[in-house]
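Data block below; observations after.
The values are calculated or read from the model by the stated rules, or taken from the named source; none is laboratory data. For clarity, every value in this text was computed on a predicted model and none was experimentally measured. Here the Cβ positions follow ideal geometry from the backbone for every residue, glycine too, while neighbour counts run over all protein chains shown.
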Amino acid sequence: MLPIDTLYRGRQINIDGIALEDDTTQLTYGELVARVEALAAALQERLPTPQARVGACGFNNLQHVIAILATHLAGHIWVAVNPRSGKSENTALMDLVKPDLMIADDAAREAFDIGDTPFVVAEPDGRSHADDTVDGLIDTYRGKRPKRHLLDPNTDLQAIKFTGGSTGLPKAVMQPYRTGTTLIGTVLSVFGLNATDIQVAAAPVSHAAFILMLPIFATGGRNIVLPTPDPDRILHAFEKRDVSTIFMPPTMIYKVMAAPDIERRNFPNLRHLIYGAAPMPSEKVREAQVAFPQALETLYGQTEASSVCTTMTAAELEMGANNGSVGRATPLMRVEIMDPDGKILPPGEAGEVVVRGGLTMTGYYKNPEATAAAFRDGWLRTGDGGLIDERGYLFLKDRLRDVIISGGFNVYPTDVEGALVRHPSVYECVVFGTPNDHWGERVEAAVQLHDGASVSADELIAHAKTELGSVKAPKAVHIVGDLPRSAVGKVLRREVRERFLPSPNP
């Protein structure tokens with residue numbers, strides 16, 4: 001079984017039911033399979049040898065989703081390219097991977113330099129049914145079925161995806177088919193999805209939103225694609241389109257919670273509001289649980305160990321002792337804490353989070369040195385600090401490189417961020433260390449306020465001292481209009497730190 005087989009299972013369960021829709025078009029399972037098969041046949045004619053690299057660079061639309069599914073069905077490798085990333089970064093990644101073919105929206109063509117790579121338009125600007133578009137190829141090849149290649153789930157690749165790039169140029173992660181099947185089985189077993197579930201893809205399909213699509217297909221449920229993650233669109237989908245399931249990074253949740261009438265709105269079908277990609281301070285967790293009762297859930301993973309190494313359901317997260325945790329290891333993964341010498345630590349001791357199991361990558365594309373450094377004795381080293389309590393719940397303590405050593409004390413940025421966001425004027429913040437002759441490193445923070453809020457830096461420092469004491473409290477607070485973010489909405493701690501580093505002496 002390969003991950004794409006979930007689409008066929010959904011067709012068996014619900015052939016006339018809606019499988020995929022956007023704001024204007026609904027596709028039944030029967031029609032979606034027909035379109036995916038036609039495009040897969042076209043891809044195989046152009047690229048007859050399996051495991052060709054097919055880049056997909058598009059926004060949230062039906063053609064982009066169909067292109068990804070068809071790439072899987074054709075037996076080729078999906079190379080996920082984010083149109084919101086910078087052109088120089090994407091072009092460097094394309095030079096590394098060298099796709100055999102690119103499928104991209106017209107609106108995304110400025111996101112990379114394609115060179116002489118063959119090109120197919122996913123969503124065209126003002127054109128339809130041309131030979132070089134997804135819709136045109138579907139019309140031409142409709143009724144044709146692709147060959148199903150015999151592929152090894154442990155070694156053949158489903159996708160090449162890129163790391164977040166918050167510490168430099170992203171690396172190309174090779175995900176074998178077993179990561180996809182492990183993810184699907186894990187999501188279904190942990191969150192209990194069924195045929196009544198309707199997922200709305202508001203986050204980029206090129207990244208996090210796709211992790212729920214195949215599990216939803218496996219149940220015969222419905223996937224809705226939103227073109228943009230506007231809070232009003234998301235809330236309308238919750239209320240009027242019977243949405244039960246969504247993945248959102250914390251920053252997107254904050255924007256939705258900031259809707260002026262959020263207290264008066266009701267979401268009776270929402271059961272799985274799953275957050276990940278970045279930690280959420282405990283106070284924000286409580287706010288989200290008030291706004292979306294018995295729906296907030298979380299997961300933890302990374303590109304190198306896809307998404308669901310740990311999970312926590314809404315019922316677990318409602319328990320006060322679990323606020324701040326990212327859950328327990330999922331059934332097909334082992335999660336442990338390792339010290340610098342490679343020893344697995346007992347519960348309650350802090351170290352590096354390491355994982356092994358079906359979700360881990362096979363390595364970094366064309367980078368054996370980085371691949372070797374990422375593994376230790378079969379464990380994937382995540383680079384995240386954390387501890388696991390006696391009950392098996394994982395509590396993260398920042399990226400190891402982000403820990404601030406100030407006056408000989410370890411200061412974890414998330415602890416300070418959690419204190420700052422408990423101030424009613426603070427919308428979001430990021431904490432970082434800067435070099436200091438006295439302290440070694442000095443704790444500083446960049447803070448984005450709620451619209452219309454007003455508070456001084458000194459007041460925020462005093463608030464943090466009350467919460468944390470003087471050692472962990474920031475020595476400087478920078479109030480900014482907005483925080484820099486990655487293409488998937490993560491606040492870029494490194495960029496913030498660089499902005500406020502002291503100028504070198506002349």
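Residues in segment 110-154 that are part of a loop (DSSP other than H, G, I, E, B), buried (at least 18 other Cβ atoms within 10 Å of the Cβ) and among the polar types (S, T, N, Q): none. Before we move on, is I246 among the aliphatic types (A, V, I, L, M) and either over 20 Å from A201 (Cα atoms) or touching a Leu at 6+ places or on another chain (Cβ under 7 Å) (or both)? So I246 fits the description; yes.
Just for segment 252-280: of the residues that are under 22 Å from the mean Cα position of the chain (by Cα) and in a loop (DSSP other than H, G, I, E, B), which one is surrounded by the fewest Cβ atoms within 10 Å (Cβ to Cβ)? For segment 252-280, the residue satisfying everything is A258.
Among the residues of segment 147-164, just one is touching a His at 6+ places or on another chain (Cβ under 9 Å) and farther than 29 Å from S486 by Cβ, namely D156.
Just one of the listed residues (F267, F247) is over 27 Å from D482 (Cα atoms), aromatic (F, W, Y) and not assigned by TED's automatic domain parsing to the domain that holds V491, and it is F267. Out of all the residues in segment 212-223, is one or more hydrophobic (A, V, I, L, M, F, W, C), surrounded by fewer than 21 Cβ atoms within 10 Å (Cβ to Cβ), over 22 Å from R356 (Cα atoms) and in contact with an Asp or Glu (Cβ under 9 Å, 6 or more places away or on another chain)? No: segment 212-223 contains no residue that is hydrophobic (A, V, I, L, M, F, W, C), surrounded by fewer than 21 Cβ atoms within 10 Å (Cβ to Cβ), over 22 Å from R356 (Cα atoms) and in contact with an Asp or Glu (Cβ under 9 Å, 6 or more places away or on another chain).
Looking only at residues of segment 227-251 that are touching an Asp or Glu at 6+ places or on another chain (Cβ under 8 Å) and in a loop (DSSP other than H, G, I, E, B), we find that the one that is modelled with the highest pLDDT is S244.
All conditions in (1) under 26 Å from the mean Cα position of the chain (by Cα); (2) modelled with pLDDT of 85 or more; (3) not aromatic (F, W, Y) hold for P146, with the sole exception of (1).
Taken over segment 100-109, residues that are within 23 Å of the chain's Cα centre (by Cα) and not in a loop (DSSP other than H, G, I, E, B) amount to 6.
When segment 46-80 is limited to residues that are part of a helix (DSSP H, G or I) and of a type in the set (G, A, S), the one that is farthest from A202 (Cα to Cα) turns out to be A70. If I filter segment 397-415 down to residues being assigned to a strand (DSSP E or B) and of a type in the set (D, E, K, R), which single residue comes out as nearest to S325 (Cα to Cα)? Among those that are assigned to a strand (DSSP E or B) and of a type in the set (D, E, K, R), it is K397.
Restricting attention to segment 450-469, does a residue exist that is assigned to a strand (DSSP E or B), crowded, with 16+ Cβ neighbours inside 10 Å and touching a residue at least 40 places away in the same chain (Cβ under 8 Å)? No, segment 450-469 contains no residue that is assigned to a strand (DSSP E or B), crowded, with 16+ Cβ neighbours inside 10 Å and touching a residue at least 40 places away in the same chain (Cβ under 8 Å).
Does G418 fit the bill of being in a helix (DSSP H, G or I), at pLDDT below 95, within 23 Å of A446 (Cα to Cα) and out of contact with any His (no Cβ under 7 Å at 6 or more places or on another chain)? For G418, the condition - in a helix (DSSP H, G or I), at pLDDT below 95, within 23 Å of A446 (Cα to Cα) and out of contact with any His (no Cβ under 7 Å at 6 or more places or on another chain) - is met. When each of E297, E283 is tested for being touching a residue at least 60 places away in the same chain (Cβ under 8 Å), assigned to a helix (DSSP H, G or I), touching a helix residue (DSSP H, G or I) at 6+ places or on another chain (Cβ under 8 Å) and over 23 Å from E349 (Cβ atoms), the lone residue that passes is E283.
Of all residues in segment 64-92, how many are out of contact with any Gly (no Cβ under 9 Å at 6 or more places or on another chain), buried (at least 23 other Cβ atoms within 10 Å of the Cβ) and not β-branched (V, I, T)? Looking only at that region, the number is 8. Checking L20, L39, L32 one by one, the residue that is under 19 Å from V225 (Cβ atoms), modelled with pLDDT of 95 or more and not in a helix (DSSP H, G or I) is L20 and no other.
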